[in-house]
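Written out below as structure tokens is the structure these notes cover.
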Amino acid sequence: MTDWHQPLRDDVRQLGDLLGQVLKVHDGPELFDRVERVRALSKRAHAGDDRAFDELADLMRALPEAVALRVARAFAHFLSLANIAEQHHRVRRRRDHAREPEGRPQRGSSLETLGRLRAAGFDAAALARAAASIRIELVLTAHPTEIVRRTLLQKHHRIARLLDVLDRSDLTPPARHDATEALQREIALAWQTDEVRHDPVSPLDEVRAGLVVFEESLWDAVPVYMRALDRALVATTGTPLPLGAAPIGFGSWIGGDRDGNRAVTPEVTRQAAWLARWVAADLYLREVQALRDDLSLTTATGELRDRAGGAREPYRALLAEVRDRLTATRAWAEAALRHEPPAAAAAKPYFEAADLAESLQLCYRSLDSTGNPLIAAGRLTDLLRRVAVFGVTLARLDIRQEASRHADAVAWIARTRGWGAYGDASESDRQALLLRQLTAGERVAEPLPLATASDEQRDVIETFQMAAQLHPESLGAYVITMASAPSDVLAVELLQRVAAQRHRQRVVPLFETRADLHRAAATMGDLLAIPWYRDRIQGRQEIMVGYSDSSKEAGRFAAAWTLYRAQEEIVAACEARDVAVTLFHGRGGSIGRGGGPAYLAIQSQPAKAMTGSLRITEQGETIEAKFGLVDIAVRTLEVYTTATLDAMVAPLPAPTPEWHACLDRISADATAAYRAVVYDTPAFVEYFHLATPAPELESINIGSRPARRPGSSAAVGGLRAIPWQFAWIQTRLLLPSWLGIDEALARAHARGEAALLREMYYGWTFFRSTLQLIAIALAEADPRIAAGYDRLAPPALRSIGQDLRRRYAQAVEALLGVTGQTDLLQDNPVLRRSIDVRNPYVDPINLVQVEVLRRMREHRPDPQLRHAFVVTVNGIAAGMRNTG
């Protein structure tokens with residue numbers, strides 16, 4: 001029987017051997033021998049040898065700082081190399097599936113999904129229409145920020161490409177030797193590259209890093225993905241994908257998300273929008289130049305000949321115009337970035353995607369009509385599909401700000417313009433004032449005296465003024481954080497009007513706290529009852545639901561159920577008003593913030609919420625993991641599409657009232673248990689700050705966003721969800737992902753609901769996927785490592801850690817009791833193997849981190865200690881594949 005994972009093991013072994021050779025050359029055999037001793041002890045400890053673990057911990061505590069740093073770096077680099085090998089193996093397995101007979105396509109691929117749906121009796125024409133109607137927008141965000149420096153990521157990509165070369169069966173021995181030598185060279189370069197950011201990350205740094213993802217992978221991945229979907233549709237339904245279809249599109253928060261981040265100014269957002277246009281024009285220019293080289297044909301339709309002025313090579317003549325306009329577009333964006341007026345140009349820049357597509361469509365029609373459909377289906381089709389997906393901006397930029405900031409700005413404008421009181425007004429009075437101004441006839445108002453406004457008020461107003469100056473195709477949604485009332489939405493509508501924003505952004509309320517999620521449907525019902533607003537949205541409303549704050553308030557399980565119920569109720573409220581709703585899911589990277597496999601996440605949504613139109617955030621390290629390599633990006637786009645199509649056309653049955661009621665009880669118990677620990681346990685906050693690296697994480701350069709909202713307290717409630725998650729990931733306890741389920745499931749068993757829980761687990765995708773995600777978190781956690789962090793807290797607080805680890809054991813037992821299995825990952829042997837391979841390499845880094853933290857907290861301002869701490873953070877994040 002073929003062992004499909006042997007090539008992965010071979011890659012990991014080879015990369016480890018090459019790293020070992022690099023260590024010997026650059027740091028001497030002593031370091032290599034020490035690393036090997038640590039690795040052997042760690043592997044023995046994981047095999048159940050407690051004495052080996054104690055010996056390992058003692059060894060790491062005794063290491064001098066300089067040596068500990070190099071040992072931690074060695075293990076961190078190995079884990080990064082293992083990650084590269086795993087990603088490459090995903091590409092390899094995808095290709096293996098593609099080589100298999102037609103009857104065995106990869107699960108979740110377009111061909112498998114459409115073939116399965118056709119075999120189940122779904123109409124071919126209906127399936128083709130459904131596929132063409134899907135609208136998924138993946139929104140890239142900058143938090144949690146990718147912790148690996150861009151210069152190292154580029155080296156990692158080169159290592160992946162060399163592994164690809166070494167997979168070739170036709171490689172000659174000299175070529176294999178050269179590729180292996182190049183691989184060792186890249187590992188040596190990575191080892192000698194500083195992985196620590198010594199300067200703060202600016203929002204524009206994040207913008208540039210986000211655009212690199214489009215340049216390096218998504219630009220090439222999109223046409224490959226679209227071709228695969230098109231082929232599958234033709235094979236299973238007989239209908240191709242329409243040329244202008246865009247099942248997947250992209251948005252961005254990078255440079256537009258100013259919620260609590262004062263570094264994101266109106267100028268940063270303006271630059272982000274223009275940088276995206278510049279990069280888009282540059283990418284299109286390369287493709288059009290290549291297409292112009294291809295299309296040397298002289299045969300063309302009269303329509304094209306007339307447009308080309310009778311040129312002998314009409315395609316090249318028309319594409320020369322497109323080239324010149326793209327060159328002008330790039331120059332226009334460059335001038336805008338420098339705050340200069342655009343230079344006079346013979347060609348007109350492209351402002352809109354439809355304008356760019358028009359000339360390309362003319363070329364396509366001509367080729368198709370003159371017997372050249374094969375040529376039309378090549379580079380030209382790929383380019384047209386890029387235009388449909390990327391537009392002329394690659395990703396439309398959302399703007400996000402907190403609701404109270406808008407209310408404060410409106411209150412100042414109301415005072416300045418004499419509209420009446422707003423800040424202290426009731427909700428009904430606020431709505432009345434806003435609607436009076438929104439329904440008043442358009443009029444030219446005096447400029448606002450911004451010099452008399454506060455810095456915060458001026459920033460809000462200038463953001464809207466800046467947005468009014470951008471082309472509407474540069475902008476996506478305006479997202480309101482902490483939305484809780486209709487006035488929060490109407491305030492943004494008014495601020496757009498005051499700023500004279502002719503093409504107003506759609507306004508998206510974000511419901512994220514438990515209380516706001518519970519009231520979301522009622523809030524939307526009240527908003528949709530306002531005639532002016534109903535007319536404004538023209539039957540379509542986008543609503544965002546947040547996974548972070550609710551999870552921090554109530555724990556992962558209760559938050560998941562709160563979000564499920566909120567979606568059910570929001571969809572019903574919109575349906576009652578005949579309004580089509582697009583749900584925008586603010587999922588994080590970690591399981592504690594709503595992360596997890598995309599297919600499971602989409603399949604577990606309420607059936608009526610899956611309309612085929614949705615938006616989802618893609619954050620930080622998930623961007624690299626999902627889109628860093630072209631083949632991985634293709635698979636990611638495909639899975640999003642097929643999961644959505646599956647949920648649209650073959651929705652799973654709704655849960656029974658009995659299941660609903662049971663989840664209500666479990667959720668209430670989970671919330672109470674979680675809050676009893678996190679919010680009601682005396683000294684818990686003090687324990688959290690002493691027994692995790694949370695305080696130190698706030699000070700390192702891993703992102704432009706502060707760890708806390710401005711003016712927030714030191715309590716858990718004031719901490720942003722990302723550093724809250726990140727701190728527990730670093731200690732390997734992953735507390736927010738499972739706490740609460742321990743008592744909730746135990747109480748359900750005590751009520752005699754064991755059989756009902758088993759029935760729900762095997763009959764309800766939402767319940768099963770939620771428990772499966774929690775099982776992954778429990779399997780990734782390591783209470784023995786977490787216990788080591790208790791040494792950082794005084795003895796009086798260590799009982800809190802002991803209780804948490806007791807609860808962890810109870811959660812494992814309770815969850816296995818529901819599934820009836822003996823292993824948390826019994827259904828996921830690949831992940832089990834990955835965790836078992838990684839943990840012996842992560843453990844030493846954790847033990848170094850504990851010792852580094854202890855020394856740092858002895859008030860020793862040693863740059864080497866800080867450097868060592870950041871290295872351990874990188875290493876643990878690489879091992880856990882998560883920063884929060």
Between the residues I800, L824, P861, the Cα farthest towards the positive end of the dipole of the stretch 734-878, that dipole coming from +1 and -1 charges on the beta-carbon of Lys, Arg, Asp and Glu, is from P861
Roughly how compact is the stretch 541-676, stated as its Cα Rg over 2.2 N^0.38 Å to two decimals?
-> 1.10
Projected area averaged over orientations for the stretch 594-649, convex hull of C-alpha atoms, nm² = 3.8
Taking K608 as the anchor, which aspartates and glutamates have their alpha carbon closer than 17 Å to its alpha carbon, excluding any fewer than eight residues away along the same chain?
-> E542, E568, E569, E575, D578, D646
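Using the Cα centre of the stretch 815-866 as the reference point, and only Cβ charges (+1 on K/R, -1 on D/E), how large is the resulting charge dipole? Debye, rounded to the nearest 20. Let's see the in-between values first.
Working: 8 positive and 7 negative charges, 56 e Å.
The calculation lands at about 280 debye.
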Provide the gained length on full extension for the span S454 to R417, in nm with one decimal, where the gain is 0.36 nm per separating residue minus the Cα-Cα distance.
-> 11.7 nm
Alpha-carbon Rg with Dmax, taken over the stretch 143-241, Å = 19.0, 57
When the dipole is taken about the Cα centre of the chain, and only Lys, Arg (+1) and Asp, Glu (-1) are charged at their Cβ, what size is it in debye, to the nearest 20?
-> 380
FRET efficiency, 1/(1 + (r/R0)^6) with R0 35 Å, evaluated for D424 and H339 via beta carbons | 0.30
So what's Rg/Rh here for the stretch 401-450, counting alpha carbon atoms and using the Kirkwood radius for Rh?
-> 0.96
Length released on extending from S699 to D294, taking residue separation times 0.36 nm less the Cα-Cα span | 140.5 nm
Can you check what the net charge comes to around R798, using other residues whose Cβ is under 9 Å from the Cβ of R798 (Lys, Arg +1; Asp, Glu -1)?
-> 0
In percent, how large is the relative contact order of the stretch 517-629, given Cα pairs closer than 8 Å and 6 or more residues apart?
-> 30
Eigenvalues of the alpha-carbon gyration tensor of the stretch 272-389, times 5 and square-rooted, give semi-axes in Å, largest first, of 28, 15, 10
Could you give the spread of the C-alpha atoms of the stretch 394-505 along their three principal axes, from largest to smallest, in whole angstroms?
-> 42, 31, 30
Do me a favour and compute the ellipsoid semi-axes for the stretch 194-285 from its Cα gyration tensor, root of five times each eigenvalue, largest one first, whole Å.
-> 35, 15, 13
Scaled radius of gyration (Cα, divided by 2.2 N^0.38 Å) that the stretch 71-209 gives | 1.47
Simple spin-label model, 7 Å along Cα-to-Cβ: A125 to E181 in nm?
-> 6.4
What one gets for the stretch 203-352 as the Kirkwood radius, inverse of mean 1/r over different Cα pairs in Å, is 18.2
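Any idea of the accessible area per residue across the chain, 1.4 Å probe, to the nearest Å²?
For the chain, the solvent-accessible area averages 39 Å² per residue.
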Setting aside same-chain residues fewer than 8 positions from K24, which aspartates and glutamates have a Cα under 12 Å from its Cα?
-> D33, E36
Which listed residue (A57, S474, A357) has the Cα farthest towards the positive end of the charge dipole for the chain, taking +1 on Lys and Arg C-beta and -1 on Asp and Glu C-beta about the Cα centre?
-> A357
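Provide the net charge surrounding R34, with neighbours chosen by a C-beta distance below 11 Å and charges set as Lys +1, Arg +1, Asp -1, Glu -1.
Numbers: positive: R37, R39, R70; negative: D27, E30, D33, E36.
Summing Lys/Arg as +1 and Asp/Glu as -1 gives -1.
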Tell me the label-point distance for the pair R791, V234, using the 7 Å Cα-to-Cβ offset, in nm and rounded to one decimal.
-> 6.4
Note on the chain: the mean projected area of its alpha-carbon convex hull, in nm², is 40.2
Can you figure out the FRET efficiency of R365 with S133, using R₀ = 35 Å and their beta-carbon distance, to the nearest 0.05?
-> 0.90
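Please work out the FRET efficiency for the pair A529 and D10, using the Cβ-Cβ distance as r and a Förster radius of 41 Å; give the result to the nearest 0.05.
The value I calculate is 0.05.
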Between the stretch 816-884 and the stretch 172-187, what is the C-alpha centre distance in whole Å?
-> 32
Rounded to whole angstrom, the alpha-carbon centroid of the stretch 363-423 lies from that of the stretch 633-682 at a distance of 31
Between R116 and D282, the two model label points (7 Å from Cα along the beta-carbon direction) sit apart by a distance in nm of 4.1
What is the spread of the Cα atoms of the stretch 635-704 along each of their three principal axes, largest first, in whole Å?
-> 50, 37, 16
Would you work out which of F767, P783, P693 lies farthest towards the positive end of the dipole of the chain, given +1 charges on the beta-carbon of Lys and Arg and -1 on that of Asp and Glu, about the Cα centre?
-> F767
Report the far tail of the P(r) of the stretch 428-471, meaning the percent of Cα-Cα pairs longer than 12 Å.
-> 72
Cross-link pairs beyond the 31 Å C-alpha cut-off, checked among K552/K626; K348/K626; K155/K348 = K348/K626; K155/K348
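Just to confirm a number: summing +1 for Lys and Arg and -1 for Asp and Glu over residues other than D669 whose beta-carbon lies under 13 angstrom from that of D669, what do you get?
On the way: positive: R665, R675, R747, R751; negative: D664, D742, E743, E753.
Neighbourhood net charge equals 0.
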Note down the relative contact order for the chain as a percent, whole number, built from C-alpha pairs under 8 angstrom at least six residues apart.
-> 17
Span from the the stretch 555-589 Cα centroid across to the the stretch 436-501 one, whole angstrom = 27
Would you mind calculating the gained length between A347 and H471 on full extension (0.36 nm times residue separation, minus the Cα-Cα distance), in nm to one decimal?
-> 42.8 nm
Quick one: what do you get for the stretch 463-609 if you divide its Cα Rg by 2.2 N^0.38 Å?
-> 1.07
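The values are calculated or read from the model by the stated rules, or taken from the named source; none is laboratory data. Here the structure is a predicted model, which means the values were calculated and not measured. Glycine gets a Cβ as well: all are built from the backbone with ideal geometry, and neighbour counts include every protein chain shown. Protein only, heavy atoms only, side chains kept; ligands, DNA and RNA dropped before computing areas. Shrake-Rupley method; radii C 1.70, N 1.55, O 1.52, S 1.80 Å.
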